[in-house]
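Before any comments, here is the structure.
The values are calculated or read from the model by the stated rules, or taken from the named source; none is laboratory data. Everything quoted here is computed from the prediction, not taken from an experiment. Cβ atoms come from the backbone with ideal geometry, glycine included; neighbour counts cover every protein chain shown. These area figures cover heavy atoms from the full protein model, side chains too; ligands, DNA and RNA do not enter into them. Shrake-Rupley method; radii C 1.70, N 1.55, O 1.52, S 1.80 Å.
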2 protein chains.
Amino acid sequence: MRKPILVLLACCAAQFSFAQQDDSTTLRRLADEVLTNGKAYDNLRVLTKTIGGRLAGSPQMVKAEKWGEAALKAAGADKVYTQECMVPHWVRGEKEQARIISNRRDYVAPLNIIALGNSVGTGAKGVTAPVLEINSFEELEEKKDLVKGKIVFYNYKFNPKFIKTFRSYGDAVRFRSQGPSRASKYGALAIVVRSMSHSTDNHPHTGGTRYNDSFPKIAAVAIGLKDAEVLSKRITNDPSMKLFLRTTCQMLPDTIGHNIIGELRGSEFPDEYITVGGHLDAWDNTEGAHDDGTGCVQSIEIIRAYKALGIRPKRTIRVVLFANEENGLRGGSKYAEQAKANNEKHLFALESDAGGFTPRGFIMDMSDAQRNKIKSWLPLFLPYGLYDFDEVGGGADIGPLHNLLGTPMAELSPDSQRYFDIHHAASDVFEAVNKRELELGAVGMGALVYLVDKYGL
Amino acid sequence: MRKPILVLLACCAAQFSFAQQDDSTTLRRLADEVLTNGKAYDNLRVLTKTIGGRLAGSPQMVKAEKWGEAALKAAGADKVYTQECMVPHWVRGEKEQARIISNRRDYVAPLNIIALGNSVGTGAKGVTAPVLEINSFEELEEKKDLVKGKIVFYNYKFNPKFIKTFRSYGDAVRFRSQGPSRASKYGALAIVVRSMSHSTDNHPHTGGTRYNDSFPKIAAVAIGLKDAEVLSKRITNDPSMKLFLRTTCQMLPDTIGHNIIGELRGSEFPDEYITVGGHLDAWDNTEGAHDDGTGCVQSIEIIRAYKALGIRPKRTIRVVLFANEENGLRGGSKYAEQAKANNEKHLFALESDAGGFTPRGFIMDMSDAQRNKIKSWLPLFLPYGLYDFDEVGGGADIGPLHNLLGTPMAELSPDSQRYFDIHHAASDVFEAVNKRELELGAVGMGALVYLVDKYGL
């Protein structure tokens, strides 16, 4: 009775091995195509160098949408269309100012700061106040009686001990998101937050903040790491010093934005979707290269390479350039709502929004069975340097789809060491992207989409 | 009878697990120390920015030797000393010149070239000759009758299909090393070789060449990738054009150099050695940051971190900054000869000479049993992103030790995508090194040395 089972297993093994050989050949063709004829890098050059920063609601974003449609068409998408959504419309206004006010003559250099996204301005005259340095929310609570009338300076350091830098970010970002309202609760006039980075330069790193409507909205800026040290030292050495801050940013009424969508129509199950994307918006003080131009051009590259190789997916592959990740997530939310309203069947969603560095694997949010199925393909990914399939997570823009429809999701997990050097800073430029690293990310994404499309999940 | 064996296995498993837990804690302390208090990055800044390029025999190399001794002492080595060896003394001379000679007016811009290391000059008047473009040695043989009196231009492209870029290098570098003599054999006056790189800029990449004494030594230069395209197009469009080349480099008589050595004395087996190193010399047209300043400072960092943490090795750890990898390998050869002459027992040798990028594993040249022992430690390395222990290879400088004494050897295997963008080019500068990537390499090396010292090999 046992023999047939053994024979069956042997047959399966032979079949699987044959299938893997076949897949291995296809992935090799995919890699060769992307590494030899890839257009991701050239696409990124155009997006970053001719358009640059592109916040939702900005004129640059209108240009970026046109660029995205054209790039998807050029890549060979069967169908390109837009999906309208309302987006926040925050504007930075004039260049931010910060300087130390003191009788001491050596305190003259301006500090390198940048307003946080969604924050209110100080008013045209600015704010001048003493500074209270705080290194934890616990310390804020302890010193709450000292906060009134002051500028609170959150100087919490990015923890260098986490090997994956997204953990350091997750640990530190609460000061940017919650810091303004938690200080305002006790009467602070404004806040300064140490940039979420362990870069060796002095660029300030912006990023969205969220106000708690129970408390007055106060101005909020990030400061470069070198100037965070300068400020901290001067507070210690000259307790009577004050800080002058001036920002003129403001939130305007919501406006219209668009997700830009390109499809490769499925040959067998055209009504089943695999979503692949990145977000088109980017902070205005950057070129939005790694965040997230790379995710956009890698996603577009999948269509181009499939077409070039004659790979016809069974399911419909939808490449989505999301409208508004940075300060609202309205694009991803709209996409999910629409998918639900249309009763669409979504097999899988994949995002690239962690930088265009060499890929190391995927983070995933799905059932154990689904994860194990993907992990069984590990031998196919190893030749391209992708080995890490164990972490739990997924992309911000596909999160709403995952939440609303239960769609299993994954995000490309590139090497993270350099990402927070440039994240949301003026140093996030085209030149910080390596052509081959970018392309290898597209190879990994294209491979995963290929296998999920072929074998289901 | 079977029970005792099972009990024994269970005990072993428990012990091993306990040992791994213990090791895991030690490696975590090592990583925390290096990522928090590491000196590798500051050491690298001094080496690259105050000394810069440092070929064997150059005044900069004398400074670099002093720097190495001081850095090893500052790191806490028990003993620092030098090991004298004779080194080649090649000098570049005046800035190289190359331009297209043609009646066409648009051919005026000079081409970006650099003389190959060890090459002879053209003479003060330079060489002017027609150019024969060649894309393979097979093509050279086919066209051997056309070579006489010409400049041969090897325009073989770096193959983008290899995922690990060292394979592309291994594939292309024969044109640099063998190209001059193979062309000289058929009467060529000089050669130009396309730089071994897939960078997107125009820096030429130098590197050593080797003459075959059977044929006249002819001048040899590398050309930047953009100018390689320019040159190729112009040869096609204007076959009557000539190329003017002028180099004044020359090989002077051998001179004295030194390996710089720092030791941490072993507590149990002081006469057994583990060698860890990088090479101190670097091409004069670079800052020698990734090649191989990073290998030097990572090796030194192991001593510093061990001392800071109170890790006392059982065997003697020898950090060696080798004198002359780039154009002679005399430092590594001398080190091995001396080890053999002294009848030293060398347990293991480790090198870092593949760039200071995020580590992915180690390449190794040793017995299967030794490799499997190291691979059994994989769970200890995975938290730091090192997973790839399968490739065969080792460092150039420790090769002679491996060959003469049979010492098992390994080389840190960092992410290779960016390495050949900057390798041997003016772009190999301090700014191309990321602090954390550099430090993670030191963590991986320090961890491997720790485990080999503790458990043997």
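Below, the figures for the structure above:
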{"read-out": "Total residues in the range A:1-31, condition at pLDDT 95 or above and touching a helix residue (DSSP H, G or I) at 6+ places or on another chain (Cβ under 9 Å)", "value": "8"}
{"read-out": "Qualifying positions in the range A:42-77 - in contact with a Leu (Cβ under 6 Å, 6 or more places away or on another chain) and not hydrophobic (A, V, I, L, M, F, W, C)", "value": "A:G68"}
{"read-out": "Residue in the range B:46-64 that is within 11 Å of another protein chain (Cβ to nearest Cβ) and either not hydroxyl-bearing (S, T, Y) or not in a loop (DSSP other than H, G, I, E, B) (or both) present", "value": "no"}
{"read-out": "Residues of the range A:26-45 that turn out to be at the interface with chain B (Cβ under 10 Å from one of its Cβ atoms) and of a type in the set (K, R), as a count", "value": "2"}
{"read-out": "Which numbered condition B:Y450 fails, given (1) modelled with pLDDT of 95 or more; (2) outside any helix (DSSP H, G or I); (3) open to solvent by 10 Å² or more (accessible area, probe 1.4 Å); (4) away from chain A (no Cβ under 14 Å)", "value": "(2)"}
{"read-out": "The range A:386-401, residues that are closer than 20 Å to A:T165 by Cβ and more than 14 Å from chain B (Cβ to nearest Cβ)", "value": "A:V392, A:G393, A:G394, A:G395, A:A396"}
{"read-out": "Subset tally (residues that are more than 9 Å from chain B (Cβ to nearest Cβ), touching a Gly at 6+ places or on another chain (Cβ under 6 Å) and outside any loop (DSSP other than H, G, I, E, B)) for the range A:431-440", "value": "1"}
{"read-out": "Residue list for the range B:28-54, filter: over 17 Å from B:F430 (Cα atoms), among the aliphatic types (A, V, I, L, M) and either within 21 Å of the chain's Cα centre (by Cα) or surrounded by fewer than 22 Cβ atoms within 10 Å (Cβ to Cβ) (or both)", "value": "B:L35"}
{"read-out": "Entirely in the range B:288-405, the strands (runs of 3 or more DSSP E) that have 3 or more residues that are within 25 Å of B:S267 (Cβ to Cβ) and modelled with pLDDT of 95 or more", "value": "B:315-322, B:345-351"}
{"read-out": "Hits in the range B:238-252 - residues which are open to solvent by less than 70 Å² (accessible area, probe 1.4 Å) and outside any strand (DSSP E or B)", "value": "B:D238, B:M241, B:T247, B:T248, B:C249"}
{"read-out": "A:D22 vs. criteria open to solvent by less than 80 Å² (accessible area, probe 1.4 Å), within 14 Å of another protein chain (Cβ to nearest Cβ) and either more than 21 Å from A:E326 (Cα to Cα) or over 24 Å from the mean Cα position of the chain (by Cα) (or both)", "value": "no"}
{"read-out": "Flag for B:R174 being surrounded by fewer than 21 Cβ atoms within 10 Å (Cβ to Cβ) and either within 14 Å of another protein chain (Cβ to nearest Cβ) or among the polar types (S, T, N, Q) (or both)", "value": "no"}
{"read-out": "Residue that is within 11 Å of another protein chain (Cβ to nearest Cβ), open to solvent by 40 Å² or more (accessible area, probe 1.4 Å) and more than 29 Å from A:S195 (Cα to Cα), where the choices are A:P379, A:P383", "value": "A:P383"}
{"read-out": "Odd one out for A:D428 among (1) in a helix (DSSP H, G or I); (2) within 17 Å of the chain's Cα centre (by Cα); (3) of a type in the set (D, E)", "value": "(1)"}
{"read-out": "Verdict on A:I398 being within 28 Å of A:T25 (Cα to Cα) and of a type in the set (V, I, T)", "value": "no"}
{"read-out": "Residue list for the range A:402-422, filter: within 14 Å of chain B (Cβ to nearest Cβ) and either open to solvent by less than 10 Å² (accessible area, probe 1.4 Å) or not hydrophobic (A, V, I, L, M, F, W, C) (or both)", "value": "A:S413, A:P414, A:D415, A:S416, A:Q417, A:R418, A:Y419, A:F420, A:D421"}
{"read-out": "Residue identified as of a type in the set (A, V, I, L, M, F, W, C), more than 19 Å from A:K242 (Cβ to Cβ) and outside any strand (DSSP E or B) among A:V120, A:V87, A:V108", "value": "A:V120"}
{"read-out": "The range A:429-444: number of residues that are closer than 15 Å to A:D292 by Cα and in contact with a strand residue (DSSP E or B) (Cβ under 8 Å, 6 or more places away or on another chain)", "value": "2"}
{"read-out": "Subset of the range A:76-113 that is farther than 30 Å from A:I300 by Cα and among the small types (G, A, S) - its residue that is least open to solvent (accessible area, probe 1.4 Å)", "value": "A:A98"}
{"read-out": "Of the criteria (1) outside the structural domain of B:K334 (by TED's automatic domain parsing); (2) modelled with pLDDT of 95 or more, which one B:S240 fails", "value": "(2)"}
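Yes or no, residue by residue, for (1) within 14 Å of chain A (Cβ to nearest Cβ); (2) open to solvent by 20 Å² or more (accessible area, probe 1.4 Å); (3) in contact with a His (Cβ under 7 Å, 6 or more places away or on another chain); (4) not in a helix (DSSP H, G or I):
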{"site": "B:P216", "(1), (2), (3), (4)": "no, yes, no, yes"}
{"site": "B:K233", "(1), (2), (3), (4)": "no, yes, no, no"}
{"site": "B:T236", "(1), (2), (3), (4)": "no, yes, no, no"}
{"site": "B:D254", "(1), (2), (3), (4)": "no, yes, yes, yes"}
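Listed here are the residues, each with its yes/no results for (1) out of contact with any His (no Cβ under 6 Å at 6 or more places or on another chain); (2) outside any helix (DSSP H, G or I); (3) without any contact (Cβ under 8 Å) to a residue 12 or more places away in the chain.
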position	(1), (2), (3)
B:E141	yes, no, yes
B:K148	yes, yes, no
B:F153	yes, yes, no
B:Y156	yes, yes, no
B:K161	yes, yes, yes
B:R167	yes, no, yes
